[in-house]
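K.L.:
Just dropping this structure here.
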Protein chains: 2
Amino acid sequence: MSVLIVGSIAIDNIKTQLEEHRELLGGSASYASVGASFFSPVNLVGIVGSDFPKEHIELFKSRGVDLAGLQIVDGKTFRWSGEYDWDMNVRKTLSVELNVFETFSPKLPDAYKGTPIVLLGNISPSLQKHVLDQADSARFVVADTMDLWITTTRPELLGLLKGIDLLVLNDSEARQLTEETSLIKAAHNILHLGPKYVAIKKGEHGCLLLSKDRFFSCGAFPLEDIHDPTGAGDTFAGGFAGYLASLDKKAFDFDDLKKAVVYGSLLASFCVESFSLERLNQLTKKELEDRYELFKLMSHFEVIG
Amino acid sequence: MSVLIVGSIAIDNIKTQLEEHRELLGGSASYASVGASFFSPVNLVGIVGSDFPKEHIELFKSRGVDLAGLQIVDGKTFRWSGEYDWDMNVRKTLSVELNVFETFSPKLPDAYKGTPIVLLGNISPSLQKHVLDQADSARFVVADTMDLWITTTRPELLGLLKGIDLLVLNDSEARQLTEETSLIKAAHNILHLGPKYVAIKKGEHGCLLLSKDRFFSCGAFPLEDIHDPTGAGDTFAGGFAGYLASLDKKAFDFDDLKKAVVYGSLLASFCVESFSLERLNQLTKKELEDRYELFKLMSHFEVIG
């Protein structure tokens with residue numbers, strides 16, 4: 001089974017307190033596609049300008065990402081510059097140039113319309129909705145969002161939530177969306193807004209997955225050093241969706257989703273070990289499975305039969 | 001096997017944004033003793049004044065807590081008043097009256113000196129050291145600490161760390177002690193200071209347990225409402241120590257410690273469901289085991305053989 005992924009494709013300039021890297025491949029769809037590609041074929045929907053480096057196209061191809069849905073248009077690719085604090089949870093956007101992204105109207109190639117798993121990466125809820133409306137055979141729809149959309153396009157976001165299976169967002173965004181301090185209350189409030197599941201990312205504290213009657217707490221894989229947290233959330237969502245697709249099932253139970261969360265988290269833990277997609281691009285399936293086994297030892301506290 | 005517990009015994013006045021309760025049984029040794037009592041006999045070392053309510057003495061007795069090490073002296077019992085913010089991680093001490101605690105010099109009854117598990121509850125490191133020096137057959141020593149001791153008695157705390165097996169502290173205290181932002185780095189630095197293990201409590205985000213080469217991430221049991229977080233950390237430490245004692249072993253491996261962390265966390269999750277020791281005092285072993293089974297489902301993501 002394939003995953004349909006829509007989101008931004010960007011050229012990033014990223015500063016941390018220790019390093020600065022320029023002209024990096026970025027954007028939610030880029031990270032999500034490479035994350036998902038560890039498990040399944042990806043149908044990518046996005047837009048880039050004529051300046052988009054050919055090496056990035058080659059990277060996508062080498063990961064088994066189908067590019068029939070990638071629009072390459074005259075103009076410049078979306079650009080983002082950001083700077084991280086010593087506390088890497090704190091980041092400042094230095095500049096955004098929408099460029100060709102400003103006129104992006106995602107259109108699904110016919111071959112994409114039956115894709116069973118759909119990941120609506122972090123872009124505006126109205127673009128997400130526009131893609132969802134064209135994906136008529138979706139079995140499981142994941143949507144990612146962020147503070148910007150909660151503030152500026154709340155009605156559109158609330159509309160989207162009625163049509164998706166899982167909402168992915170971080171802890172502060174869950175609190176912002178629901179105006180609840182308790183994450184458990186916030187999660188339950190989100191489930192009342194439509195999605196069957198919600199995944200709340202907590203950075204170094206891991207991730208929670210909730211349905212109306214189930215709960216899963218996933219720790220974060222322990223890392224001494226984080227080089228660049230950009231794209232961790234997108235990689236998580238991509239890995240999650242890719243893993244589900246690889247199960248090749250008509251419907252998914254909570255235990256499937258738990259493992260999808262674990263694989264998403266572990267891919268994110270590799271992602272932040274270097275800038276851009278550098279580490280993921282080097283990563284082997286064997287390394288991922290080794291970290292999975294290690295993580296099982298770190299999370300389970302008893303042998304269950 | 002029994003647990004030796006030393007710490008404060010207090011009368012607390014506690015305000016949250018919703019409720020206020022006065023004249024409550026509190027103090028690190030009180031919570032820790034009741035926590036440990038779910039698994040093993042407790043030898044309590046502490047001091048109270050002549051005003052200490054008889055009902056609290058009865059409570060300790062009903063939990064199988066030995067009181068040969070409890071000094072009851074002329075004067076008033078230690079008193080603490082505190083107020084919690086809407087965000088229950090934030091609390092303000094409104095008043096402290098040391099009273100009889102000011103002259104506390106813990107002296108172990110001879111019968112206590114061979115207790116195999118020792119929990120040095122949250123009191124000054126010099127008092128903790130004083131108790132440790134008298135406990136000559138300790139197989140496993142747990143020490144709890146707090147920001148106050150890190151700031152005001154750092155040399156004494158560093159001295160104590162060389163003689164203990166496990167240090168328990170919260171995330172901000174781990175960062176404060178080591179001046180490291182990364183909790184993983186902070187934990188490894190603490191292990192260099194002496195203890196074989198460190199447990200970092202993260203409130204609603206659970207708890208990490210680390211040795212030089214092992215790692216365990218324990219989630220927090222999901223609670224919609226927390227009524228009073230007072231004593232959660234002490235209950236955690238008590239439950240941890242009590243569980244170890246119940247294993248009746250000469251030495252403990254990392255898997256034993258993982259389960260001790262889980263039981264400690266679950267007891268703490270009951271503790272915060274009401275004020276003072278109210279909930280723990282009503283709690284049955286069956287309820288604890290039921291929550292343990294539920295928590296296993298919430299934490300494990302795969303059946304391991």
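No lab work stands behind these numbers, since they all come straight from the coordinates. These numbers come from a predicted model, not from an experiment. Reconstructed Cβ throughout: ideal geometry from the backbone, glycine too, with neighbour counts over all protein chains shown.
K.L.:
Run the label-point distances for A:Asp248 please: 7 Å along Cα to Cβ, every other copy, nanometres, shortest first.
P.N.:
The projected label point of A:Asp248 is separated from its counterparts by 5.2 nm.
K.L.:
With the radius of gyration and the Kirkwood radius both derived from the Cα set of segment B:213-271, what is their ratio Rg to Rh?
P.N.:
Across segment B:213-271, the Cα-based Rg/Rh ratio is 1.02.
K.L.:
Here's another thing I want to ask about it. Each residue of segment A:172-181 in order: what ³J(HN,Hα) in whole Hz does its phi give by Karplus 6.51 cos²θ - 1.76 cosθ + 1.60, θ = phi - 60°, with x for Gly and Pro?
P.N.:
My calculation for segment A:172-181 gives 5, 5, 5, 5, 5, 5, 9, 6, 10, 6 Hz in order.
K.L.:
Then there is this: Could you sort A:239-246, B:238-245 so that the peptide with the highest average Cβ count within 10 Å comes first and the rest follow in order?
P.N.:
B:238-245, A:239-246
K.L.:
Send over the Kirkwood Rh of segment B:1-147, from the inverse of the averaged 1/r over different Cα pairs, rounded to one decimal Å.
P.N.:
15.7
K.L.:
Given the peptides A:175-187, A:33-45, arrange them by the average over their residues of other C-beta atoms within 10 Å, most packed first.
P.N.:
A:33-45, A:175-187
K.L.:
Simple spin-label model, 7 Å along Cα-to-Cβ: A:Thr181 to A:Thr103 in nm?
P.N.:
5.0
K.L.:
Now for a different question. Tally Lys and Arg at +1 and Asp and Glu at -1 over the other residues with C-beta under 12 Å from the C-beta of B:Ala29: what net charge comes out?
P.N.:
-2
K.L.:
Which net charge results for the neighbourhood of A:Trp149, defined as the other residues with beta-carbon distances under 11 angstrom from its beta-carbon, given Lys and Arg at +1 and Asp and Glu at -1?
P.N.:
Combined, the nearby Lys, Arg, Asp and Glu give -3.
K.L.:
By a straight-distance test (C-alpha under 14 Å), which aspartates and glutamates pair with B:Lys113 as possible cross-link partners, with residues fewer than eight away in the same chain excluded?
P.N.:
The reachable aspartates and glutamates, counting only those whose Cα sits under 14 Å from B:Lys113, are B:Asp66, B:Asp133, B:Asp136.
K.L.:
While we're looking at this one, here's another question. Suppose R0 equals 60 Å; then what is the FRET efficiency for A:Val73 and A:Val303 from their Cβ-Cβ distance, rounded to the nearest 0.05?
P.N.:
0.60
K.L.:
Just to confirm my numbers, what's the Cα centroid distance between segment B:103-181 and segment A:60-138 in Å?
P.N.:
With segment B:103-181 and segment A:60-138 each reduced to a Cα centre, they are spaced 54 Å.
K.L.:
Another question, then. Distances from B:Glu287 to the same position in the other copies: list them in nm, one decimal, shortest first, using label points 7 Å from Cα along Cα→Cβ.
P.N.:
Listed shortest first, these distances are 4.9 nm.
K.L.:
Give me the aspartates and glutamates in straight-line cross-link reach of A:Lys129: C-alpha distance below 16 Å, same-chain residues under 8 apart excluded.
P.N.:
A:Asp144, A:Glu156, A:Asp165
K.L.:
For the protein assembly as shown, what D do you get in µm² per second when you plug the Kirkwood radius from alpha-carbon pairs into Stokes-Einstein at 4 °C and 1.567 mPa s?
P.N.:
For these conditions, the coefficient is 50 µm²/s.
K.L.:
Taking the number of other C-beta atoms within 10 Å as the exposure measure, put B:Tyr292, A:Tyr31 in order starting with the fewest.
P.N.:
Least to most surrounded, the residues fall as B:Tyr292, A:Tyr31.
K.L.:
Would you tell me the mean number of C-beta atoms belonging to other protein chains that fall within 10 Å of each C-beta in B:181-191, as a whole number?
P.N.:
Other-chain Cβ atoms within 10 Å of each residue's Cβ, averaged: 3.
K.L.:
Is there a pair in A:Lys202/B:Lys15; B:Lys162/B:Lys201; A:Lys258/B:Lys285; A:Lys201/B:Lys92; B:Lys162/B:Lys249; B:Lys54/B:Lys162 whose C-alpha atoms are over 32 Å apart, and which pairs would that be?
P.N.:
Distance filter (> 32 Å) returns B:Lys54/B:Lys162.
K.L.:
Mind computing the radius of gyration and Dmax over the alpha-carbon atoms of chain B? Å is fine for both.
P.N.:
17.9, 59
K.L.:
Peptides B:80-87, B:262-269, A:134-141: what's the order by average Cβ count within 10 Å, highest mean first?
P.N.:
So the order, starting with the most tightly packed, is B:262-269, A:134-141, B:80-87.
K.L.:
Peptide B:287-300: average number of partner chain Cβ atoms within 10 Å per residue?
P.N.:
Mean inter-chain Cβ contacts per residue within 10 Å come to 3.
K.L.:
On to the next question. Just rank A:Leu167, A:Leu148, fewest to most, by other beta-carbon atoms within 10 angstrom.
P.N.:
A:Leu148, A:Leu167
K.L.:
In nm, give the distance between the simple-model label positions of A:Met146 and A:Lys286, each being 7 Å from the Cα along the Cα-to-Cβ direction.
P.N.:
The two pseudo-label positions are separated by 3.6 nm.
K.L.:
Stick to the Cα atoms of segment B:103-248, pair each with every other, and give me the Kirkwood hydrodynamic radius in Å at one decimal.
P.N.:
15.8
K.L.:
Another question about this same structure. Given a Förster radius of 56 Å and the C-beta distance between B:Lys92 and A:Asp110 as r, what FRET efficiency does 1/(1 + (r/R0)^6) yield to the nearest 0.05?
P.N.:
For R0 = 56 Å, the calculated efficiency reads 0.35.
K.L.:
Turning to a different aspect of this structure: Okay, helix-only estimate at 222 nm for chain B: each DSSP H run of n ≥ 4 adds -39500 (n - 2.57), divide by all residues, round to 500 deg cm²/dmol; what do you get?
P.N.:
-11000 deg cm²/dmol
K.L.:
Just to confirm the numbers: A:Asn189, label point 7 angstrom along the Cα-Cβ line, distances to the other copies in nm, shortest first?
P.N.:
With the label placed 7 Å along Cα→Cβ, A:Asn189 yields 3.6 nm.
K.L.:
Within a 10 angstrom radius of the beta carbon, how do A:Thr153, B:Thr16, A:Thr77, A:Thr284 rank from fewest other beta carbons to most?
P.N.:
In order of increasing Cβ crowding within 10 Å: A:Thr284, A:Thr153, B:Thr16, A:Thr77.
K.L.:
Considering the rotation that carries chain A onto chain B, locate the chain A residue whose Cβ comes closest to its axis and report the distance in whole Å.
P.N.:
A:His205, 2
K.L.:
Tell me, how many Å apart are the Cα centres for segment A:215-234 and for segment B:1-41?
P.N.:
Computed from Cα coordinates, the inter-centre distance equals 35 Å.
K.L.:
Let me know the mean shielding of A:206-219 by other chains, meaning the per-residue number of their Cβ atoms within 10 Å of its Cβ.
P.N.:
4
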